[in-house]
Structures are given as structure tokens and as C-alpha cells.
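The structure appears below as C-alpha cells.
The values are calculated or read from the model by the stated rules, or taken from the named source; none is laboratory data. Since we're looking at a predicted model, the values are computed, not measured. Here the Cβ positions follow ideal geometry from the backbone for every residue, glycine too, while neighbour counts run over all protein chains shown.
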């Protein structure tokens, strides 16, 4: 059979703003309903819950008409997600939320349980997606990119398998999701010749798309004519789910692909820094808001604002639409995004603030020099904390104490006194924070008279962990000596800001690598030591390239093995790319890049690769007397998604500056007057973590997660000793907890975690707020959800899906009561 899939792919924003897309969704839907009245056998497929919500709000009568056609089986819902997002950039949890909110919407409004994932226009698909699809009760997946010329697959239909063994039946239909009336006949004939190679059935898409449109009368009439031909297979108007149901009995013969479905547009992972920074920050803030609001309800009775959190997630999910988050839309789209995401951040920050106050007794206004510091991650950590201390009179020094009265060494890096306003003293210190919990501190005046640190020019600097040497001519780090492991980390000078020629479009169409280096930033001044105290040393390197300037601030810590970098760049270049490069002194190395809810090894050949919070190069270090040892270096970031590794050099892509939303074959010769991306100022944090052995032994996933989850500080009104608490802790170190939330049913609670290092493990979760401990096995690379039910003072827990439904074949969850101290 040839399954003809009538569709109208709609970009919810791209070369137009979302309001125009909404109008096109309404217009296309009305046209489709007219065609259904004219052609009783015509079937239409449409995805994206956000677009259906537009119709529901703007034209309830049209929405009801669609509901009727859905019940008749002629309007078929596919995808089950809120939008068709980019399928590399969002974090792993975002894909589960795409399904959670999308599938629940379709089930609530239409009574339809969507089983087929559908991202026909996205630019690539990460390798953990089969697990996330099955975790969200989906069995199939339809995609078009990468094209056959970009990724060779064994057939149009195959089993797609994730690293944990989860698999879905996937299909890359031939040709394209947009098919003109003139091309339909030829496509049907070509597909018919190869149909036996594809288990006897094939899907063919037709209809006008991108700006909506959908099937036309000419489309449908052409297909009807082809249906009359005796030399062709049976041709039917249908939908993807029916196609998969047809071939599933024969699917045992299909090949298995355990790989990413990449690459289509490698440049888009570094295009438009602002939208990507928004995405990373709001993902983490939303996950924290869920955790702390759930804890607040359990401890104080303050109800979780479930609907407000849901709306915030839906706004973030909408802006993960592939043409928005990838950075390939017009400037007006990003102006709209900035406004919507700013409003969302205000709402999320309000939820966090109110929940922390209810949970801990903190206050949002200054009363005394007492604080609680809240750790958003579910494991104990040591982190640098900064506070501003205020005294009414003139005070020059501070003593910091914890609840036991133990003095905490502090570093004073700013003092301001005004006779009318008092003293403001900025301090930093290394705090040991409990797992997903808080710790209290108080500041009191101190008699000690500590002189201000005086800046000085340096060529080297040493801590207990590292000895750094700088080139005074160019400001690069010449050497990083790891004292503990006796390793010279760099093969050549590092922290180099590399400028590359980048004449390509915003997508990076047809580009595999960016290697055309045309220069680098040059030192503008001296390498300057700005601070050196009890918490950290701060080194400043100013540099310039063309009309652009950069300030790199390097932080070396007394208590942390990280080397942190804060880059402020004022970028004034066009059609160029900026990377930061670290050549690592290794042989026989391999490169690993974080992917959503996982990681992937890729060839270290210099191709531009998508990544999440970290990338790593690990291999063999050859020391003196040819002594070899296993060693590696991880490069973390707080807002970037692209990079490359070649010849043991890691390069994180900081930015690209192509023309907005112009495909390269449509670019004019003269670019004067066109708008270029990433012009002006931006900030990024990145961090280097040298480590013995591989990244797994260094627990880099946790380190990168914490790097993106800074502690939150609040003034404390009550007793200091009551401020210290751990509300949730997860072990062992190869497991990361991402979710603790109120279930969508408004009654139960959801925990979600994943195994990060490829090891069979037994997970232990302590929940003092429930007075319980949960134990359950987790398998290598597995994402696992737990549904906790409360009945009076008794709690039970079962393994659940991402849709928050108990799993019939889930593993046993051991729940043990624990005594509160």
C-alpha cells in the first residue's frame, strides 16, 4: 500500500511572527474542512498542540468542527507534542514536557491518545529520543531530516534504538513533506518501484507547507487518478499511525539503528545567543520552581501553583520551536520571544521566591545580616557564595558564622561607606551546602583591619591544585600544571579566542566544519590579578579583534578544582564566528558530548557538533620517562550548544554572526543594510575541569548540572539553626535527579532521574519531607520516573511513565519509613 499523508506543515514563527502563523492555521483548517466535505475519502494529518490551542481560543466554532472530524477519523492528530521543537538544543526534560502537555491536551480536548512522534521539519534528532518517546508512551516516529544525502539509513522504515535499549518504529518517508500536484504522480511511481524493499508499504506526504496551505483540490484529484491505475499498489488517503499499524506485524524483519539521526544544519546550534541563553536559564529555573514549590506545600501547606507552572512551561516549549530556538527566524520573532520569556521569568521567579519563603522562613527584604543559601541540586556541594553585607555605621571588616558559631573564612572584595547610608561590604566564601536544601549564615562587624587588595600584573599564578603560566605578549594561558596528577594539561597555549570566516547562512546549510581561521583576539593591556583571597583569585585579560573587544575573567579557587572563565564580548564583526580553544596534551583520545538526558561519543575530526552543558576529551597522557596515565579535560558552559574537537583541541563555539533568516543561496552579493545576528555585548561562563581517568570517574554530568544551578540567597528572619535542612538527596554519584514536582492530577508527586555513566546502579532517594527513603535499581543510560502516592501519613511509590501513569511492568520500588531527627 501507498499511504498518502495530506498535511500542511506550519512554522509557528519563522519568516513571519506568531500572529501571522495563527491566522494561517485558522485559514488552512477552514480549507481542509471544505475539502473533507467535497472528498469523503480525504484524510488530513496535523500536529502541534499549541496551534490547536490557537484555534480553540480564536474560533471555538471551527474548533468544534475539527473535533467532529477527529471523531470521524478523517482529521488525524500526530506528534503529541506542544510544538515541533529543535531536537538537539532543549534539555532532556523538555522533550518529556513537550509530550506531557501536548498529549494531555489532545487527550482532554479530543479523546485521542497520540502514539506517533512527528517532527518533519526539525534539523536533527538526538540519540536518546527513542527512550524519551517510549517513556512518554509513544511507539513510532516520523522525520525527514537529515536527508538521505546527509545520513544513510538501511531503509525508509527501521527500528530506532537508544543506548538503554528502548526502541521505536521510525520512518523517514521519501521525498519531502511538501509535494506539489505536479510531482505527486512521479513520486507515487518511484515509491511503487521500491515498495517491496520497505516491507510492502510506504508513506508519501503531499500538500503545501511551511506557511500552511495544505492539500489542494489538484493534489487530491491527482491522487484519485493514480488510484485507478492497475499497475500500481493500492493507494489510500491515510495517516502515519495507520501506516505503522499496517507494517508492525512485519516489523521483526527491519534493521535496527542505534545512532543519532544527524546532521542537517550544523551551524544553527550556535546561532542567536540570546534565545539559547533564555532557553537554558528558564529550563533550570522552572525545574527549581517545581522542586521548591512541591517542598513548600509538603512542609508548610502552601499549594503548588500548578496552572501557573504549566503555563510557564508551555511558553518555554513554544519557543523551542525549531525555527525559533535554532536561531533561523527574522528579528521580529526574537523581539516577541524576549517579551514573552521576560514575562515568564517574572512569574517563575515569583514562584521560587514565595516557595522558598514559605519553606524556610526567609524574607525577601533586608532585616538583619542573616541569610539562608539554597542549593537547587539534590546532592551536597561546595560552592562559592557571594553576599552583600549592610551595616548602619562605618564598618570595614566582617566576621561570617554558621549556625554553630563556627567562623567561615571570607574574602572582602568591595567596601562602600557613606555617612548617610552606612556600609556596604561585598564578601565571598566557600559554602558546603546540603543536598536540595539550605544553610544559614550570619555576618557581624569585625575589628580586623584588612587592607584592600591591590591589582598587579602577573605572568603566573599558583593554587593548591594548579600552576598557571601566562604569555605576557598575547595573554594566553601557556601552561596549566595539574599538581595533584602531575600533568601538563595544555599541548599549546589555551583560552584562545579564535575568529573564523563564516559566510554561511543562519542554519549553516551544507557545512560540516568551521576551520577557516582568519585571526584571534590580541591582548589589550596586561594580564592582571584583580583579587586573591580566602575564596578565589580573579585574573583579568582584556583583548581586541577588529572593532570587537573582549574581557576574560579567570577564577581560580581555594576549594574547587574547577577553573572558571567569564567572557564579556562586544562583538562588532559580521559573517564571522568566535570560538574559544583549548589544545589538550593527550594521545589516543576520544571526544564525548553531552546530549539531552545522555551523552554521545563522536569522531574527533573537527566537525561542528551539538552539545548541552559539557564536552570532554579523554585519553592517555604521556609524562616524563614515557609514563602513561589515563587523563582528560571537560569543558563546561552555561548557555552554549555547539563545539568541535580535532587533534586533541577542544573548541566551544561562542557565537556566529550571519544574516538573519536568509538561506545562503538567496543571499545577495551586497549585504549592506541587512541585519546580522549577535551584534553587541553578551556574556558567557565556561569552565575547565581537568581530571584523572575518564569523565565518568570525575562525575562531570553532576558538575555541569551544578555549574548551571547556582545557589540562591535570601535574608533570614528566624533562628539561624532552623535554616539548615536537606529536603531531598539522591545517591549514587552517577545518577542525577532532575524532577521533583506535583503530579498533573493535583494529588500525587513525581520524581525523575537518569543514570549518566553507563553503570548498573541501585538508587537511594532520601525524602525527609515524606519521612521516607526510596530504593530502586536503574540501568545504564536509563531515565526513570517514580510516582509517589500519599494516603494519610502513609506513602507508596511505583515506577511511572513520563505521562505520570503507573507502569504495569515497572520495577519494584522499595519504600522505607525514616525517623525525623
Could you check the stretch 283-307 and list, in sequence order, the residues that are at pLDDT 95 or above, over 21 Å from residue 638 (Cα atoms) and in a helix (DSSP H, G or I)?
292, 293, 294, 295, 296, 297, 306, 307
Take the stretch 241-279 and flag every residue that is within 22 Å of the chain's Cα centre (by Cα), part of a helix (DSSP H, G or I) and crowded, with 21+ Cβ neighbours inside 10 Å.
266, 267, 268, 269, 270, 273, 275, 276, 278, 279
Looking only at the stretch 317-326, and only at residues there that are touching a strand residue (DSSP E or B) at 6+ places or on another chain (Cβ under 8 Å) and part of a loop (DSSP other than H, G, I, E, B), the one that is nearest to residue 289 (Cα to Cα)
320
Among the listed residues 35, 10, 15, which satisfies the condition of being within 23 Å of residue 173 (Cβ to Cβ), touching a helix residue (DSSP H, G or I) at 6+ places or on another chain (Cβ under 9 Å), touching a residue at least 40 places away in the same chain (Cβ under 8 Å) and surrounded by fewer than 23 Cβ atoms within 10 Å (Cβ to Cβ)?
35
Taking the condition at pLDDT below 95, within 18 Å of residue 270 (Cα to Cα) and not in a strand (DSSP E or B), does residue 662 pass?
yes
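Identify, please: which residue in the stretch 631-650 is surrounded by fewer than 24 Cβ atoms within 10 Å (Cβ to Cβ) and either more than 15 Å from residue 569 (Cβ to Cβ) or in the same structural domain as residue 86 (by TED's automatic domain parsing) (or both) and is, among those, farthest from the chain's Cα centre (by Cα)?
Initial filter on the stretch 631-650 (surrounded by fewer than 24 Cβ atoms within 10 Å (Cβ to Cβ)): 638-639, 646-649.
Remaining after also requiring either more than 15 Å from residue 569 (Cβ to Cβ) or in the same structural domain as residue 86 (by TED's automatic domain parsing) (or both): 646-649.
Values: 646: 24, 647: 27, 648: 26, 649: 24 Å.
That would be 647.
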Conditions first: (1) crowded, with 21+ Cβ neighbours inside 10 Å; (2) assigned by TED's automatic domain parsing to the domain that holds residue 762. Residue 686 passes all but one, so which condition is the exception?
(2)
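Here is a yes/no grid of residues against (1) outside any helix (DSSP H, G or I); (2) crowded, with 19+ Cβ neighbours inside 10 Å; (3) outside the structural domain of residue 737 (by TED's automatic domain parsing); (4) touching a helix residue (DSSP H, G or I) at 6+ places or on another chain (Cβ under 7 Å):
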site	(1), (2), (3), (4)
313	no, yes, yes, yes
340	no, no, yes, yes
351	no, yes, yes, yes
388	yes, no, yes, no
The listed residue being in contact with a helix residue (DSSP H, G or I) (Cβ under 8 Å, 6 or more places away or on another chain) and in contact (Cβ under 8 Å) with a residue 60 or more places away in the chain, out of 592, 607
607
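If I filter the stretch 65-81 for residues that are more than 23 Å from the chain's Cα centre (by Cα), on the phi > 0 side of the Ramachandran plot and at pLDDT 95 or above, do I get at least one hit?
Restricting attention to the stretch 65-81, the residues satisfying the condition of being more than 23 Å from the chain's Cα centre (by Cα) are 65-78.
Those left that are additionally on the phi > 0 side of the Ramachandran plot: 73.
Checking which are at pLDDT 95 or above leaves us with 73.
Yes, the conditions are met somewhere in the stretch 65-81.
Answer yes or no: is there a residue in the stretch 733-740 that is over 29 Å from residue 161 (Cβ atoms) and surrounded by fewer than 15 Cβ atoms within 10 Å (Cβ to Cβ).
no
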Specify which of the listed residues (99, 78) is in the same structural domain as residue 141 (by TED's automatic domain parsing), surrounded by 19 or more Cβ atoms within 10 Å (Cβ to Cβ) and closer than 16 Å to residue 132 by Cα.
99
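Within the stretch 214-232, identify whether any single residue is in a helix (DSSP H, G or I) and out of contact with any helix residue (DSSP H, G or I) (no Cβ under 9 Å at 6 or more places or on another chain), and answer yes or no.
Restricting attention to the stretch 214-232, the residues satisfying the condition of being in a helix (DSSP H, G or I) are 217-227.
From what's left, out of contact with any helix residue (DSSP H, G or I) (no Cβ under 9 Å at 6 or more places or on another chain): 224, 227.
Looking for residues that are in a helix (DSSP H, G or I) and out of contact with any helix residue (DSSP H, G or I) (no Cβ under 9 Å at 6 or more places or on another chain), one finds at least one in the stretch 214-232, hence yes.
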When you scan the stretch 293-303, do you find a residue that is surrounded by 20 or more Cβ atoms within 10 Å (Cβ to Cβ), at negative phi and within 15 Å of the chain's Cα centre (by Cα), even just one?
no
Can you find even one residue in the stretch 51-59 that is more than 36 Å from the chain's Cα centre (by Cα) and either surrounded by fewer than 22 Cβ atoms within 10 Å (Cβ to Cβ) or more than 22 Å from residue 240 (Cα to Cα) (or both)?
no
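Could you grab me the full set of residues in the stretch 745-768 that are under 22 Å from the mean Cα position of the chain (by Cα) and not in a strand (DSSP E or B)? Walk me through how you get there before you give the answer.
Of all residues in the stretch 745-768, those under 22 Å from the mean Cα position of the chain (by Cα) come to 750-758.
756, 757, 758, listed by residue number.
Check whether at least one residue in the stretch 432-451 is under 30 Å from residue 475 (Cβ atoms) and more than 38 Å from the chain's Cα centre (by Cα), and report yes or no. Reasoning before the result, please.
Step one: list which residues in the stretch 432-451 are under 30 Å from residue 475 (Cβ atoms), which gives 450-451.
This time we only want the ones that are more than 38 Å from the chain's Cα centre (by Cα), so: 450-451.
Yes, that holds for at least one residue.
Do we have residue 663 as in the same structural domain as residue 505 (by TED's automatic domain parsing), in contact with a strand residue (DSSP E or B) (Cβ under 7 Å, 6 or more places away or on another chain), closer than 20 Å to residue 263 by Cβ and surrounded by fewer than 24 Cβ atoms within 10 Å (Cβ to Cβ) here?
Values: in the same structural domain as residue 505 (by TED's automatic domain parsing): yes; in contact with a strand residue (DSSP E or B) (Cβ under 7 Å, 6 or more places away or on another chain): yes; closer than 20 Å to residue 263 by Cβ: yes; surrounded by fewer than 24 Cβ atoms within 10 Å (Cβ to Cβ): yes.
So residue 663 passes the test.
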Enumeration of residues in the stretch 327-338 that are touching a residue at least 60 places away in the same chain (Cβ under 8 Å) and either touching a strand residue (DSSP E or B) at 6+ places or on another chain (Cβ under 7 Å) or not in a loop (DSSP other than H, G, I, E, B) (or both)
331, 332, 333, 334, 336, 337, 338
